[in-house]
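**Q** Once you've had a glance at the structure underneath, I'll fire off some questions.
The values are calculated or read from the model by the stated rules, or taken from the named source; none is laboratory data. Given the structure is predicted, the values throughout are model-derived calculations rather than measurements. Every residue, glycine as well, gets a Cβ built from its backbone with ideal geometry; the counts of neighbours run over all protein chains shown. Surface areas here come from the heavy atoms of the whole protein model, side chains and all, with no ligands, DNA or RNA. Shrake-Rupley method; radii C 1.70, N 1.55, O 1.52, S 1.80 Å.
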Amino acid sequence: MAAKSDNAIEVEVDSRTVRISNPDRVYFPEPGWTKHDLVDYYLAVGPGIVNALRERPCMLHRFPKGLPGGKVHQKRIPGGAPDWVETVRLHFPRYDLHADELCVTELAQVIWAVQMSTVEFHPWNSRRADTERPDEWRIDLDPGDDCDWATVQRVVPVVHEVLDELGAVGWPKTSGGTGLHVYVRIRPDFSFSEVRKVAYAFACEVERRAPELVTTTWWRKDRDPTKVFLDYNQNARDHTIAAAYSIRGNDWATVSAPVTWDEVADCEPMDFTVATMPQRFADLGDLHADIDSAVFDIAALVERSGLEDPPD
């Protein structure tokens, strides 16, 4: 790390040099975390965040004035990017617009995004080789307003059980909020619509096995707030959720943390923060490091899920 100059620092990231302006700007007033602290955090979990984002279109949640100043949802990459910051062009049919989104291939690009006030990274579940064919099936356990973490913990073994019966390997992580995500790597052979149908059929099976805990009711007003909603719609096109190792923009600077299945029963979302994750990563490494080696073919599930669209 170079010495400060004009209230800026230069960070060496592999073969790149990233200039960080206003490193002392406080982004999280409660714990006092600064931009410099966020840079240090992402450097500490570098292989993990790059693995989570690699080759994926990525929407950025930026906080130019820190948390108190509010969030900017940024699809287009901010201006002034160095030529080594890679992008992927996406089309948004509803508005007939295109956007060049960040497409991470190396850690320096993550650190540059942090320089641009990015706190959260929200990647697509497809990669730039074919952005219309997802290679990641996302299972989102989203607790209702009156649903506690203990209920989420009780649902997780049911999710694990169904995945095991299918022969699919699931990779759990905390959401960084009150829920939990499970990712399944799949062959990029199907459309967003087809993967979403599989996700809905899976959610219905989990609901069938644990009806007292789980709901698939789409409309929030009709949903039991004491249950966990299995949000199959996170597999729809252009729907994104926080990446593994992404910081979340809340008062406590929690992190969306990969966990083992066995850990879920004893962990709490607040266990994983900017303060605690660097040491955890140093001790355990990236718990999702092998996700690309466990690819599941959903062809049979697509056929079984039929042609009817799930509720939306």
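**Q** Give the relative contact order (percent, whole number) for segment 183-312; include only Cα pairs under 8 Å separated by 6+ residues.
**A** The value is 33 percent.
**Q** On each of the three principal axes of the Cα atoms of the chain, give max minus min coordinate, whole Å, ordered largest first.
**A** So the extents along the principal axes, rounded to whole Å, are 61, 41, 37.
**Q** Would you please report the Å³ per residue occupied by the convex hull of the alpha carbon atoms in segment 107-146?
**A** Working: hull volume 5.2 nm³, N = 40.
Measuring per residue, one finds 130 Å³ for the Cα hull of segment 107-146.
**Q** In addition: Per residue of segment 286-296, what does 6.51 cos²θ - 1.76 cosθ + 1.60 with θ = phi - 60° give for ³J(HN,Hα)? Whole Hz please, x for Gly and Pro, Karplus curve as stated.
**A** 8, 5, 9, 4, 9, 4, 6, 8, 10, 8, 10
**Q** Another one. Long-range amide H contacts for M59: which residues qualify at under 5 Å (H placed 1.01 Å from N, peptide plane, sequence gap of 5 or more or a different chain)?
**A** Correct list: H122, W124.
**Q** A further question follows. Highest mean first, what order results for 85-94, 29-38, 235-244 on Cβ atoms within 10 Å?
**A** Result, highest mean Cβ count within 10 Å first: 235-244, 29-38, 85-94.
**Q** Quick one: compute the contact order of segment 61-105, relative version, from alpha carbon pairs under 8 angstrom and 6+ residues apart, as a percent.
**A** Worked out over segment 61-105, it gives 31 percent.
**Q** A follow-up question, please. Show me the ranking of peptides 273-280, 8-15 by mean Cβ neighbours inside 10 Å, starting with the highest.
**A** 273-280, 8-15
**Q** Put +1 on the Cβ of every Lys and Arg and -1 on every Asp and Glu Cβ in segment 118-264; which of T226, W137, P258 then has its Cα farthest towards the positive end of the dipole?
**A** W137
**Q** As a test question: what accessible area, to the nearest 10 Å², does D189 have when a 1.4 Å probe is rolled over all protein chains in place?
**A** About 70 Å², rounded to the nearest 10.
**Q** Heavy-atom accessible area of F192 with all protein chains present, probe 1.4 Å, nearest 10 Å²?
**A** Surface open to solvent at F192 totals about 10 Å².
**Q** Probe 1.4 Å, all protein chains in place: accessible area of S293 in Å², nearest 10?
**A** Its heavy atoms expose roughly 100 Å² to the probe.
**Q** Each residue of segment 126-133 in order: what ³J(HN,Hα) in whole Hz does its phi give by Karplus 6.51 cos²θ - 1.76 cosθ + 1.60, θ = phi - 60°, with x for Gly and Pro?
**A** Running phi through 6.51 cos²θ - 1.76 cosθ + 1.60 with θ = phi - 60° gives 10, 10, 5, 4, 7, 5, 8, 10 Hz.
**Q** When the Cα centres of segment 121-154 and segment 48-109 are compared, how far apart do they sit, in Å?
**A** So the two Cα centres are separated by 19 Å.
**Q** Of L166, S15, P82, which is farthest on the positive side of the dipole of the chain, counting Cα position, with +1 on Lys and Arg Cβ, -1 on Asp and Glu Cβ, and the Cα centre as origin?
**A** P82
**Q** Between 0 and 90 degrees, rounded to the nearest ten: what's the tilt of helix 149-166 against the longest Cα principal axis of the chain?
**A** That helix lies at roughly 70 degrees to the long axis.
**Q** Please give the helix 35-44 orientation as an angle from the longest Cα principal axis of the chain, in degrees from 0 to 90, rounded to the nearest 10.
**A** The angle comes out at about 60 degrees.
**Q** How large is log10 of I(q)/I(0) for segment 187-226 at q = 0.17, 0.20 Å⁻¹ when the intensity is taken from the Debye formula with one equal scatterer per alpha-carbon?
**A** Each listed q corresponds, in turn, to -0.54, -0.68.
**Q** From Cα coordinates alone, what are the radius of gyration and Dmax values for segment 30-184 in angstrom?
**A** 17.3, 49
**Q** Okay, moving on. Could you size up the charge dipole of the chain around its Cα centre, putting +1 on the beta carbon of Lys and Arg and -1 on that of Asp and Glu, and report it in debye to the nearest 20?
**A** 940
**Q** Could you tell me how many degrees, from 0 to 90 and to the nearest 10, lie between the Cα long axis of helix 192-209 and the main elongation axis, the longest principal axis, of the Cα atoms of the chain?
**A** Its long axis makes an angle of about 60 degrees.
**Q** Each residue of segment 107-123 in order: what ³J(HN,Hα) in whole Hz does its phi give by Karplus 6.51 cos²θ - 1.76 cosθ + 1.60, θ = phi - 60°, with x for Gly and Pro?
**A** 5, 4, 5, 5, 5, 4, 5, 5, 4, 8, 6, 6, 9, 10, 10, 10, x
**Q** Once Rh for segment 206-312 is found with the Kirkwood sum over Cα pairs, what is the Stokes-Einstein diffusion coefficient at 10 °C and 1.306 mPa s, in µm²/s?
**A** The diffusion coefficient I find is 93 µm²/s.
**Q** Moving to a separate point now. With the other protein chains left in place, how much accessible area per residue, in square angstrom, belongs to segment 152-222 at a 1.4 angstrom probe?
**A** It amounts to 41 Å² per residue over segment 152-222.
**Q** Using only alpha carbon pairs under 8 Å that are at least six residues apart, calculate the relative contact order of the chain and give it in whole percent.
**A** After rounding, I find 19 percent.
**Q** Could you work out Rg/(2.2 N^0.38 Å) for segment 168-236, with Rg from alpha carbons only?
**A** 1.15
**Q** Further, regarding this structure: Using the structure shown, list the pairs from K75/K197; K65/K227; K71/K173; K35/K227 with a Cα-Cα distance above 32 Å, or answer none. Intermediate results must be reported in sequence, preceding the final value.
**A** On the way: K75/K197 26 Å; K65/K227 36 Å; K71/K173 23 Å; K35/K227 37 Å.
Pairs exceeding the cut-off: K65/K227; K35/K227.
**Q** Further question on the same structure: Around R223, what is the net charge, scoring Lys/Arg as +1 and Asp/Glu as -1 over all other residues with Cβ under 11 Å from its Cβ?
**A** My count for the surroundings of R223 gives -3.
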